[in-house]
Amino acid sequence: MLEIKRATPDDAERAFEIRREAIRGQCIGAYSAEQLALWTRGHASDGYSVLMEKQFYMGWLNDEPVATGMLDLADGEIGALFVLPAYMGQGLGKAMLAHLEGVARQQAIEQVVLDATLNAVSFYSACGYVGDEQAVYRSPSGLVLACVPMVKRLRVMSPA
């Protein structure tokens, strides 16, 4: 069973590696080799490590980090959902997504949004996200990727 814990600054480099491996393992064919190279270059210290200060989580199996996910509370945006290629197809991404949605519900966030990579649209659709129009994602590093903005309404937990 996936154990999900808040990430710490010490987790930044491993989280970045999970991201890199997931992109290289799952996004081939959806994006060009040039885009993949730009997307996966660098190190956590190049700016990714600051995400550990947000609602950033790591999923662990047998004391090994295998998945990541983040919720930006200010925007209700889910991001950084990555699973190591060797663990894909085991429901770990769904477990992390459900955890992030639970955090959003606890914060009374009624709707979450995300920018799905082209290879992940069917995954998010199967999880109840809606959106089918392509847009362009532009990262601060200059990366330009096609994506699909998606949204999901949440049932907010009532106070006990």
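Computed from the coordinates by the stated procedures, all read-outs in this text should not be read as laboratory data. Keep in mind that what you see is a predicted model, and the values were worked out from it rather than measured. Positions of Cβ are backbone-derived with ideal geometry, glycine not excepted, and every protein chain shown enters the neighbour counts.
Taking region 45-97 as the range and being of a type in the set (Ser, Thr, Tyr) and within 20 Å of Pro9 (Cβ to Cβ) as the test, the residues that pass are Ser45, Tyr48, Ser49, Tyr57, Thr68. Of the strands (runs of 3 or more DSSP E) lying entirely inside region 1-103, the ones with 1 or more residues being closer than 24 Å to Val136 by Cα and in contact (Cβ under 8 Å) with a residue 60 or more places away in the chain are found at 64-72, 77-83. When region 4-22 is filtered for residues that are under 14 Å from Ser49 (Cβ atoms) and of a type outside the set (Lys, Arg), the ones remaining, listed by number, are Ala7, Thr8, Pro9, Asp10, Asp11, Ala12, Glu13, Ala15, Phe16, Glu17, Ile18. Against the condition of a type in the set (Val, Ile, Thr) and assigned to a helix (DSSP H, G or I), how does Val113 come out, does it pass? Criteria not met by Val113.
A single entry from Ser141, Ser122 fulfils the requirement of being hydroxyl-bearing (Ser, Thr, Tyr), over 21 Å from Lys5 (Cα atoms), out of contact with any strand residue (DSSP E or B) (no Cβ under 6 Å at 6 or more places or on another chain) and assigned to a helix (DSSP H, G or I): Ser122.
So if I check each of Gln134, Gln90, which one is out of contact with any helix residue (DSSP H, G or I) (no Cβ under 7 Å at 6 or more places or on another chain), of a type outside the set (D, E, K, R) and surrounded by 14 or more Cβ atoms within 10 Å (Cβ to Cβ)?
Working: Gln134 fails: surrounded by 14 or more Cβ atoms within 10 Å (Cβ to Cβ).
Answer to the selection: Gln90.
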